[in-house]
Amino acid sequence: MVNETTIWNYLEEVPDPEVPVLSVIDLGIVRAVKVISEKEVEVTITPTYSGCPAMNYIEKNIRELLTEKGFEKITFHTVLSPAWTTDWMSEAGKEKLLAYGIAPPVNEVDKLILFGDAPVVRCPQCGSENTKMLSQFGSTACKALYQCNDCLEPFDYFKCLR
Amino acid sequence: MDLIGQATSLLEYAAQVEDKGRSADDLAFLRFENQYFNTQLVEQKNGDFAVTIVRQWIFDTFRLPFYEALQHSADKQLAAIAEKSLKETKYHWKHSSEWIIRMGDGTEESNKRVTDALNLLWKFSDELFYMDDVDKELISQGVAIDLETLRPAFNERIQYVLQQATLQLPDSKWKLNGGRLGRHTEHFGHLLAEMQYMQRAYPNMEW
């Protein structure tokens, strides 16, 4: 008999399209699952950012996987509140990010303070804390572009959102 | 991208509340010019970077207190959209404000450009606070926000950034409005023509 734990385990296989090393579970995008019957399931998801272009793909990928697993009716609910935060990213997810070369979110910098200090971000390549922010926006809007002053490698930092 | 996301959330909810079988896409792509009730500020065209940033900054500075207040709306879905959008608006405001300061307190050329942009756009800012009878009805139900109450927070942030940027508001008290009544400036028609082209040329297309 399929139960909710089975579904959560299945969804570990669905990667985030932008950061394929993370699953939708690692990111905290899936908020709830409900098994209605052997053939029917409800999935509640929340967007990371309002305009995240990956949301449609994520929904499509979840649908495909669950269809493959034998479900015939898959219903999605999208919730906006409570709003997604990087605090929901799993510890396993943060380690996977780091191994992939993206610095995981570290701490909150009050966004209403202009020209405040950028957070100290450790270089995912050499581990140095001597890094600098090059741009608030990196390869995607949820990441900032940093560079390591020691090994000189540029790298993405997954920004903290609270 | 965040702004498109916020607009999508609002239009999806509008379509649902209207309940006439129109989708968010129908509302975005199939209305005529006089059926849009956006403020004229947001339809002013890109081009000079200072103009783009000043327009964005005025709008960001308005959205901060607006979403802060709307989080407490009696309407649960509007409150949820506001909670989500506020997080994004904070870094939008930081981004545009820092550019205003860099340009204002930058070179002679950048100061001139941002001053010209302020002179061009400030007259559109008052319309952000426009309210009609529908707004007043919704305010009395605790759904919408009395926009007059947002003015102190708005003005304080505007003054704070301008001071850092060594800039001043234009002397002129001239105010423009009409967008909220469906009357738009020249740029809006061009903008809609481009935005609606695909739906007009290939009705009901999807991708």
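The values are calculated or read from the model by the stated rules, or taken from the named source; none is laboratory data. Keep in mind it's a predicted model, so treat the numbers as computed, not measured. Note that each Cβ is placed from the backbone with ideal geometry, even for glycine, and that neighbours are counted across all protein chains shown.
Taking the criterion of being at positive phi and among the acidic types (D, E), no residue of the stretch A:1-55 qualifies. Do we find that A:A54 is more than 14 Å from every other protein chain (Cβ to nearest Cβ), within 17 Å of the chain's Cα centre (by Cα) and not hydroxyl-bearing (S, T, Y) in this structure? No: the conditions fail for A:A54. Number of residues in the stretch B:60-79 that are closer than 21 Å to A:F115 by Cβ and more than 14 Å from every other protein chain (Cβ to nearest Cβ): the value is 0. Residues that are among the polar types (S, T, N, Q), away from chain A (no Cβ under 14 Å) and either in contact with a Pro (Cβ under 8 Å, 6 or more places away or on another chain) or in a helix (DSSP H, G or I) (or both) within the stretch B:1-55 comprise B:N34, B:Q35, B:T52, listed in sequence order. Do you know which of the residues in the stretch A:103-144 that are away from chain B (no Cβ under 14 Å) and of a type in the set (A, V, I, L, M) is farthest from B:T61 (Cα to Cα)? Here the residue is A:A103.
For the stretch B:80-94, a residue qualifies if it is free of Cβ contacts under 8 Å to residues at least 24 places away in the same chain and either under 19 Å from B:A50 (Cα atoms) or at the interface with another protein chain (Cβ under 7 Å from one of its Cβ atoms) (or both), and the qualifying residues are B:A80, B:E83, B:K87, B:Y91, B:K94. Within the option set A:G28, A:G93, A:G51, being surrounded by 13 or more Cβ atoms within 10 Å (Cβ to Cβ), in contact with a Leu (Cβ under 6 Å, 6 or more places away or on another chain) and not β-branched (V, I, T) holds for one residue only, A:G93. Can you find, within the stretch A:14-43, the residue that is modelled with the lowest pLDDT among those that are basic (K, R) and under 19 Å from A:E72 (Cα atoms)? Looking at the filtered set, the residue picked out is A:K39.
Taking the stretch A:80-162 and the strands (runs of 3 or more DSSP E) fully enclosed by it, the elements with 2 or more residues that are touching an Asp or Glu at 6+ places or on another chain (Cβ under 9 Å) are at A:143-148. Against the conditions (1) within 13 Å of the chain's Cα centre (by Cα); (2) modelled with pLDDT under 95, B:K94 satisfies every one except (1). Among the residues of the stretch A:9-24, the one identified as exposed (fewer than 13 other Cβ atoms within 10 Å of the Cβ) and in a helix (DSSP H, G or I) is A:N9.
In the stretch A:57-78, of all residues being among the β-branched types (V, I, T) and surrounded by fewer than 16 Cβ atoms within 10 Å (Cβ to Cβ), the one that is farthest from the other protein chains (Cβ to nearest Cβ) corresponds to A:T67.
Of all the residues in the stretch A:42-58, those that are over 19 Å from A:C160 (Cα atoms) and touching a helix residue (DSSP H, G or I) at 6+ places or on another chain (Cβ under 8 Å) number 3. Being within 14 Å of another protein chain (Cβ to nearest Cβ), over 23 Å from B:V161 (Cα atoms) and either in contact with a strand residue (DSSP E or B) (Cβ under 9 Å, 6 or more places away or on another chain) or surrounded by fewer than 18 Cβ atoms within 10 Å (Cβ to Cβ) (or both) is a property that B:D135 lacks. Restricting the first member to the stretch A:115-133 and to residues that are under 13 Å from A:P104 (Cα atoms), and the second to residues that are exposed (fewer than 11 other Cβ atoms within 10 Å of the Cβ), the beta-carbon pairs closer than 9 Å and six or more apart or on different chains are A:P119/A:N107; A:V120/A:N107; A:P124/A:A99.
Residue pairs whose Cβ atoms lie under 6 Å apart, separated by 6 or more positions or on different chains, with the first residue in the stretch B:141-163 and under 16 Å from B:D126 (Cβ atoms) and the second assigned to a loop (DSSP other than H, G, I, E, B), are B:L147/B:M131.
Of the residues examined, A:P124 is not one that is modelled with pLDDT of 90 or more, under 30 Å from B:Q6 (Cβ atoms) and touching a Leu at 6+ places or on another chain (Cβ under 9 Å). If you check B:E148, B:E156, B:E127 for being charged (D, E, K, R) and surrounded by 14 or more Cβ atoms within 10 Å (Cβ to Cβ), only one passes: B:E127.
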